[in-house]
Structure formats: C-alpha cells, structure tokens
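Taking it in order: structure first as structure tokens, then the write-up.
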Amino acid sequence: MRRRLVKNVRIYREGDFFWGSLWISDGRFERICPDEEAAFMESAGGEEILDGRGMMLVPGFIDIHTHGAVGIDVNAADKEGLKKIAAFFATQGVTAWNASIVTDSIERTDRCLAVIRDVSRERGYGAQLLGAHLEGPFLSEEYRGSMPKDLLREGDEDLLNHYREIAEGSIRYITLAPEVAGVMPMLKKIAGDIPVAIGHSGASYELSMEAIESGARAITHTFNGMILFHQHRPGLMGAALESDCYCEAICDGRHLHPGTVRMLIKCKGLNRVAAITDSIMAAGLPDGNYQLGVNDVVVVDGDAKLVSSGVRAGSTLTMAQAFRNLLAFTGRSPGEIIPLLSSNPADLLGIADRKGRIQEGMDADFVLLDDTYQVQVTVVSGEIVYRKSCSPDGNPV
C-alpha cells in the first residue's frame, strides 16, 4: 500500500484553514489531522513525505467548461493534445476537467468523443480528464454566439443517442436551449443521466423554469449567450437568479463586470456559482490568430473574438487567475471563494462523493498555494503532477 504524508500545511476545510498534516493511501485521503493531534501520531515508516512549508492546501480546481489551451483546440485534439492541455491545467491548480466540444459536424464530433473517451480512462498525465461537455448542437440560432449557424440542429434524440454510444458513458455534461424544437422532450429524458445546463438560449422565464424543474441543473456562462432580464419578461436570466440551479461564471473581467460577479454571488449564494474558464487554445499563449472549432479567432490584449464578426469567442482565462480575480472582484476571503472552483462544480456534475473536498476517503486531489495565491504543487489522486522548482522561501519543495 503506497502512502504519502503531507505536513506543515494550512488545510482548507469547511470555509476555514487549520494547521495540520494528512496521510494519503492508494490515491485517497486516509487521515487528516490538526497539528496538535498529528504530533502524537507515529509515522508508519517508508511513506513519501511532502513538506508544504506553511502553504495553503486547498481542494483541486475543477474546470467543467473549457475548449482548450496551449495551442490545442479540443475539437481538433488527438490524445497527446488532450494530455498537453491536462499538463498545462495542472500548472494552474486544476485537478479535473471536462473537454468542451463546440458545435461541429457529426463526423468531427464523433472523433472528438472517441478521443476524449479514451484519454479519460488513462491517468498520470496531469489534471484528470473527466469526460466530454457537449456545447451544442441543440442551441438557439439567435443566441449562438460563436457557434457556427449552419451546424446548429433541432432536438434530435437519435443523434444524441449516437453520440452517447460512441462516448460510452464519458459525456459528463451537456448544454441545451430548451426553446429549440424537440429539445424539451429530450432534456426530460436525459436529465437523470447527464447533468444538463441551459445556454445559448432565448428561452422565456416560464420555459426556463420548466426546464429547471424537469432536471436542468445549471446555466451555461451566465449572462453570456442568453436573453437578458426585462422587468416584464424575466426570461432565462430571471429563472437563473430565482431558482436553485448552479450558475457558471467566466470571471475574466471581460465576460462579467466585477459588479455583476458580486451581484450573481449575492443572488445565488456562494454554494450555487461555479467558476469556469471557457478557455480556448490561446490560453497560456500570447496574442495572435487561433481556432475554436471551425471558427477563426483573433486574440488582442488577451481578449478572444471571432475574426468574422468580432463576437467574443471563449476566453484566455485560467482557473488560477479566475481564483485571484474572484478574490479581487469580491473582497471575500479565500475560504469563501474556494468552493466556487472545487466543491460547487463537483456537486453540479454529481461527483461530490469523490472530488471537490479535502475529506477522508475522497480522491487526494489538492493544490498547494503560496501567500500570493500562486500554484506551487498540484496533486491528483495522491500523485504530484506539477511542482514548481522552489517554494516562496527559495527552498526546494
């Protein structure tokens, strides 16, 4: 039985931090102790020791909505490409992620699903790939954003079943527009099996609430790619704010004003907002020309937009920067913000029994952060997948 001791860390738990140590066995948290208790525990001997040198130990970040990074577009990625994304995400504190497929041809979507399926079954390459997020093709033409108009489709249960057969259980999340013909019957059938989000939609308040009551669990990139609020027609935005569904939020300062982020958290509460990146292949790279599925994208000053129309097309955000932005935007403590990047997305995806928290028996996915909230070490299932060469005091970690 392989064991690892992590000591001299400030462990995050239930909104606060305490000095302590923890033991990992076979990829899971075995025991978590405050220092006064850990001091009296005998080492089993032979375990690997990771000295945290006083850093914060927090749950690994979970990015449920991202289209790529470091020059790799999910829609065009092969297995090595997805692993390259995963390795980069580990440097940003991400321990688990969904590969989001933008609306594309059936043939390319088939290929994407097969590659994502295969990589999600492997381990040891960086952040764990949970599976696929289908962002389309069952979306609104009017609110399509960067989705290619000619590839959008009405609800088609046969096509979705075809995708599910190829994925073999690895479709972990799907975005639908409930007002599109044929989508509501499909949503009601699959909501018990796949977490459903509403997005790229102009759905009325009444239809949005029906979708949520029928099992839709989240709103895709809230306030972006959707009909906005009117006092007489609350629409999807009104349903998002009133209901108990989760709300994705792109906290890059472009998609949402800091005041909008504060309002969203105040309306929804800290346990119903999930930070995402919606990043494209330009994340981690300089300005320039890139792709998002079939679209040509140009990035200027870190802002990604379609070459054809100037419509914003994803982001260049990372989860580590989203965390720092949220702290700056809200003025809240790290303990309050951490769930937006960890336990909330885990709860949304239905994987809270094994991920998103520092808790005995759960997957040992965690990040060590220094006092400026920079990622120093990332651990997935007890294995170090990223380590900076030195800790903040200049000594090897």
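The values are calculated or read from the model by the stated rules, or taken from the named source; none is laboratory data. None of these values were measured; they are calculated from a predicted model. Note that each Cβ is placed from the backbone with ideal geometry, even for glycine, and that neighbours are counted across all protein chains shown. These area figures cover heavy atoms from the full protein model, side chains too; ligands, DNA and RNA do not enter into them. Shrake-Rupley method; radii C 1.70, N 1.55, O 1.52, S 1.80 Å.
For region 362-382, the candidate set comprises residues that are of a type outside the set (A, V, I, L, M, F, W, C) and assigned to a loop (DSSP other than H, G, I, E, B); within that set, the residue that is most open to solvent (accessible area, probe 1.4 Å) is ASP371. The residue that is farthest from LEU349 (Cα to Cα), counting only those in region 177-232 that are hydroxyl-bearing (Ser, Thr, Tyr) and out of contact with any Pro (no Cβ under 9 Å at 6 or more places or on another chain), is THR222.
Number of residues in region 210-232 that are on the phi < 0 side of the Ramachandran plot and either under 17 Å from the mean Cα position of the chain (by Cα) or surrounded by fewer than 23 Cβ atoms within 10 Å (Cβ to Cβ) (or both) equals 15. Scanning region 79-97 for residues that are in contact (Cβ under 8 Å) with a residue 60 or more places away in the chain and part of a helix (DSSP H, G or I) yields ALA87, PHE88, PHE89, ALA90, THR91.
Pick from VAL273, VAL196: which is free of Cβ contacts under 8 Å to residues at least 24 places away in the same chain and open to solvent by less than 10 Å² (accessible area, probe 1.4 Å)? Just one listed residue meets the conditions, VAL196. Within the option set ARG172, ARG164, being under 23 Å from LEU130 (Cβ atoms), in a strand (DSSP E or B), of a type in the set (D, E, K, R) and within 25 Å of the chain's Cα centre (by Cα) holds for one residue only, ARG172.
Looking only at region 358-381, decide whether some residue is more than 21 Å from MET55 (Cβ to Cβ), among the hydrophobic types (A, V, I, L, M, F, W, C) and out of contact with any Asp or Glu (no Cβ under 6 Å at 6 or more places or on another chain). Among the residues of region 358-381, not one is more than 21 Å from MET55 (Cβ to Cβ), among the hydrophobic types (A, V, I, L, M, F, W, C) and out of contact with any Asp or Glu (no Cβ under 6 Å at 6 or more places or on another chain), which makes the answer no. Inspect region 326-333 for any residue being more than 20 Å from LEU130 (Cβ to Cβ), touching a helix residue (DSSP H, G or I) at 6+ places or on another chain (Cβ under 7 Å), of a type in the set (Gly, Ala, Ser) and open to solvent by 10 Å² or more (accessible area, probe 1.4 Å) and give the result as yes or no. No, region 326-333 contains no residue that is more than 20 Å from LEU130 (Cβ to Cβ), touching a helix residue (DSSP H, G or I) at 6+ places or on another chain (Cβ under 7 Å), of a type in the set (Gly, Ala, Ser) and open to solvent by 10 Å² or more (accessible area, probe 1.4 Å). Apart from one condition, THR318 fits all of (1) under 27 Å from CYS112 (Cα atoms); (2) free of Cβ contacts under 8 Å to residues at least 40 places away in the same chain; (3) among the polar types (S, T, N, Q); the exception is (2). Residue check: LEU159 meets all listed conditions (1) closer than 25 Å to LYS355 by Cα; (2) in contact with a Lys or Arg (Cβ under 8 Å, 6 or more places away or on another chain) but one, namely (1). From the list ALA86, ALA76, the lone residue that is open to solvent by 10 Å² or more (accessible area, probe 1.4 Å) and of a type in the set (A, V, I, L, M) is ALA76. Of the residues making up region 98-145, those that are in a loop (DSSP other than H, G, I, E, B) and basic (Lys, Arg) number 3. Of the residues making up region 282-323, those that are open to solvent by 40 Å² or more (accessible area, probe 1.4 Å), over 27 Å from LEU340 (Cβ atoms) and of a type in the set (A, V, I, L, M, F, W, C) are VAL294, VAL298, VAL300, VAL307.
Looking across region 302-339, the residues that are assigned to a loop (DSSP other than H, G, I, E, B) and more than 20 Å from GLN92 (Cα to Cα) come down to VAL307, SER308, SER309, GLY310, VAL311, ALA313, GLY331, ARG332.
In the set (1) open to solvent by less than 10 Å² (accessible area, probe 1.4 Å); (2) without any contact (Cβ under 8 Å) to a residue 40 or more places away in the chain; (3) within 20 Å of ARG272 (Cβ to Cβ), LEU176 fails one condition alone, (2). You will find that of GLY20, GLY27, GLY71, the residue that is modelled with pLDDT of 95 or more, more than 22 Å from TYR173 (Cβ to Cβ), surrounded by 19 or more Cβ atoms within 10 Å (Cβ to Cβ) and over 17 Å from the mean Cα position of the chain (by Cα) is GLY20 and no other. For region 146-161, the candidate set comprises residues that are aliphatic (A, V, I, L, M) and assigned to a loop (DSSP other than H, G, I, E, B); within that set, the residue that is surrounded by the fewest Cβ atoms within 10 Å (Cβ to Cβ) is LEU152. Here GLN359 does not qualify as under 14 Å from the mean Cα position of the chain (by Cα), within 17 Å of MET56 (Cα to Cα) and open to solvent by 20 Å² or more (accessible area, probe 1.4 Å).
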